[in-house]
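A short worksheet on the structure shown next.
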Amino acid sequence: CSRWEEEKKEGGVKWMQLEHRGPYFVPLYEPLPKDVQFYYDGKPLKLSLATEEIATFYAKMLDHEYTTKEIFQNNFFHDWRKEMTSEEQEIIQDLDKCDFREIHKYFVDKNEARKALSKEEKQKLKEEADKIQEEYGYCILDGHREKIGNFKTEPPGLFRGRGEHPKMGMLKKRIMPEDVIINCSRDSKIPEPPEGHKWKEVRFDNTVTWLASWTENIQNTLKYIMLNPSSKLKGEKDWEKYEVARRLKDVVHTIRAQYRKDWESKEIKKRQRAVALYFIDKLALRAGNEKEEGETADTVGCCSLRVEHIQLHPWLDGQEHVVEFDFLGKDSIRYYNKVSVEKPVFKNLKLFMKNKDPTDDLFDQLTTTFLNKHLQHLMDGLTAKVFRTYNASITLQEQLKALTNSEDNVAGKLLSYNRANRAVAILCNHQRSIPKTFARSMQVLQEKIDAKKKQVEEVQEEVKKAEDEFNETKDAKAEANVEKKKKLLKRLEEQLAKLNVQATDKEENKQIALGTSKLNYLDPRITVAWCKKFGIPIERIYNKTQREKFAWAIDMAGEDFEF
């Protein structure tokens, strides 16, 4: 049997043996050279070590859009001042008077120098990194040597957050051994903390799969060192996730019939649950959890929607019963959508909004816990997230069926694949900001297209000439020339078509992030089966890391796999 199918353990136990080296701590701060200065109000100012280190975090980001945002600047300056000596606090009172340009230039030059290293020097650096990876990057889990995902602690720096995060610019502190909880097996060689330090705690908990954990200081959330996605444990978990989503396929019709019936329920609580479930099913919304204390970003999911987040339009853009959504979802990413809903849903929403203020909860009688309990009752293991996985995977499968043309060449088929993947990313609202380099790389591609068009036109002329010549002479040499030119033309036309496909793909993809759904919401067996069926090399879709993560699917799925 393959390692994916070895026996499972009972009662929540995840491993019997776990041995590792503990996290790799990022190197300590190296002070700036004497000739690289920080200036305040035009005059050089020597900073204390801790203050200087934080100054370099900001300096490195000078050419980044973040440092132009007021909220980033304010948060940074507030946290920086807290770490200054009292003398420094006396002097440095205004961020606008701080000049980080020399420090910024130092790091830019350092970066350029690293890029310009010779092949041998780069190889030497790679070998050093590999040595650390060998020493810290693996653990022994139940006799298997498994790769660890993120074995290094995160370096200190300034918090960025996604979207318009209210905490951007705050100081992310250095993780010390004293912050870290180690998890391993009792009889293993317990990892040694770095010299002169001790661990916060060592525990032996075999019901969890993490190797080390600490609390980061900005959101107060727990961070973990976990196994690499390619490991057996993660692979099994991934496989189970999609198997649960496949089970939903068999009962989803019953569930849909049930929530439709509940739209008319006597209990308002049931109606709210039924409408929320309709949104989760139809729009792949996240459930939206009750907020942790101290979580400042005002983000919501389906259950925590407020009245101000939706607008009702009896008629809009030629559609009936339209709900207009506008709210910040996970990671402060805006969700904006206009959807035509069924009449009972529309009527219920009107009822839920009646006599409420904009800041009141839309589903005031509903909690995520209540919803998930109901889902668990409908099907074992069912949560709101399973709907997202199910709808994403089923959408990919249906779109691939609809869009793939077996006559197309590989480039054409890949465009169809990316279009199917885009349909999923749009469903899940996976956006990205347009890459900074987009306009430039699009221009380069357009120049290539124009040059190729010119080539095609020139060869078309040559074909015409060769044909005329053959018609006059009728000799074999002229005939061979016609064939040669036609072959060349065909090749150039194919190249032009390929470039045009690339441009279409790039343009359609500029604001959509395909990676999230590819890694987390789409059953990889659908992709593997599609590749096998149409003779597409799997590496055209999954890179090396992704192929390792999805090794279980590549092993298992034949071309007839149906989600």
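Taking L62 as meeting all but one of (1) of a type outside the set (V, I, T); (2) more than 34 Å from the chain's Cα centre (by Cα); (3) part of a loop (DSSP other than H, G, I, E, B), write down the number of the exception.
Of the numbered conditions (1) of a type outside the set (V, I, T); (2) more than 34 Å from the chain's Cα centre (by Cα); (3) part of a loop (DSSP other than H, G, I, E, B), the odd one out for L62 is (2).
Can you give me the ranges of the strands (runs of 3 or more DSSP E) entirely in the range 185-249 with at least 2 residues that are within 30 Å of N75 (Cα to Cα)?
Those strands (runs of 3 or more DSSP E) span 212-215, 222-225.
Before we move on, is I394 open to solvent by 20 Å² or more (accessible area, probe 1.4 Å), of a type in the set (V, I, T), assigned to a loop (DSSP other than H, G, I, E, B) and touching a residue at least 12 places away in the same chain (Cβ under 8 Å)?
Considered against the rule, which asks whether it is open to solvent by 20 Å² or more (accessible area, probe 1.4 Å), of a type in the set (V, I, T), assigned to a loop (DSSP other than H, G, I, E, B) and touching a residue at least 12 places away in the same chain (Cβ under 8 Å), I394 comes out as no.
Which of (1) assigned to a helix (DSSP H, G or I); (2) open to solvent by 40 Å² or more (accessible area, probe 1.4 Å); (3) closer than 30 Å to Q272 by Cα is the odd one out, the single condition D380 does not satisfy?
Condition (1) is where D380 drops out.
So, in the range 470-495, how many residues would count as being farther than 25 Å from N409 by Cα and surrounded by fewer than 16 Cβ atoms within 10 Å (Cβ to Cβ)?
Counting residues in the range 470-495 that are farther than 25 Å from N409 by Cα and surrounded by fewer than 16 Cβ atoms within 10 Å (Cβ to Cβ) gives 9.
Of the conditions (1) touching a residue at least 60 places away in the same chain (Cβ under 8 Å); (2) touching a strand residue (DSSP E or B) at 6+ places or on another chain (Cβ under 9 Å); (3) in a helix (DSSP H, G or I), Y335 satisfies every one except a single condition; which number is it?
Every listed condition holds for Y335 apart from (3).
I'd like the residue in the range 525-540 that is open to solvent by 30 Å² or more (accessible area, probe 1.4 Å) and more than 23 Å from the chain's Cα centre (by Cα) and, out of all such residues, is nearest to Y417 (Cα to Cα).
That would be F534.
So which residues in the range 255-289 are free of Cβ contacts under 8 Å to residues at least 40 places away in the same chain and loosely packed, with under 14 Cβ neighbours inside 10 Å, if there are any at all?
If the condition is that a residue be free of Cβ contacts under 8 Å to residues at least 40 places away in the same chain and loosely packed, with under 14 Cβ neighbours inside 10 Å, then A257, K261, K266, E267 are the ones that fit.
All but one of (1) farther than 30 Å from F279 by Cα; (2) modelled with pLDDT under 90 hold for I426; state the number of the condition that does not hold.
Status for I426: all satisfied but (1).
Just one of D35, D41 is modelled with pLDDT of 90 or more and out of contact with any helix residue (DSSP H, G or I) (no Cβ under 7 Å at 6 or more places or on another chain); which is it?
D35
So, L47, is that one in a loop (DSSP other than H, G, I, E, B) and open to solvent by less than 40 Å² (accessible area, probe 1.4 Å) or not?
yes
A quick yes/no check of all residues on (1) open to solvent by 20 Å² or more (accessible area, probe 1.4 Å); (2) in contact (Cβ under 8 Å) with a residue 60 or more places away in the chain; (3) touching a Pro at 6+ places or on another chain (Cβ under 9 Å):
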| site | (1), (2), (3) |
| --- | --- |
| R388 | no, yes, no |
| K401 | yes, no, no |
| S406 | yes, yes, no |
| V410 | yes, yes, yes |
| L414 | yes, yes, no |
| N418 | yes, yes, no |
| I426 | yes, yes, no |
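Look through N405, N429 and report the one residue that is on the phi > 0 side of the Ramachandran plot, part of a loop (DSSP other than H, G, I, E, B) and assigned by the TED database to the domain that holds Y542.
The conditions single out N429.
Go through the range 352-364 and give me each residue that's in contact (Cβ under 8 Å) with a residue 24 or more places away in the chain and either over 14 Å from C302 (Cβ atoms) or among the hydrophobic types (A, V, I, L, M, F, W, C) (or both).
Passing the criteria: F352, M353, K356, D357, P358, T359, D360, L362, F363.
Given the condition in contact (Cβ under 8 Å) with a residue 40 or more places away in the chain, within 31 Å of the chain's Cα centre (by Cα) and surrounded by 16 or more Cβ atoms within 10 Å (Cβ to Cβ), answer yes or no: does some residue in the range 450-462 qualify?
Within the range 450-462, none of the residues are in contact (Cβ under 8 Å) with a residue 40 or more places away in the chain, within 31 Å of the chain's Cα centre (by Cα) and surrounded by 16 or more Cβ atoms within 10 Å (Cβ to Cβ).
Considering every residue within the range 287-298, establish whether at least one is hydrophobic (A, V, I, L, M, F, W, C) and modelled with pLDDT of 90 or more.
Checked the range 287-298: no residue is hydrophobic (A, V, I, L, M, F, W, C) and modelled with pLDDT of 90 or more.
The values are calculated or read from the model by the stated rules, or taken from the named source; none is laboratory data. Everything numeric here is computed off the predicted structure, so don't read it as measured data. Note: ideal-geometry Cβ built from the backbone for every residue, glycine included; neighbour counts use all protein chains shown. Quick note on the areas: whole protein, heavy atoms, side chains included, nothing else; ligands and nucleic acids left out. Shrake-Rupley method; radii C 1.70, N 1.55, O 1.52, S 1.80 Å.
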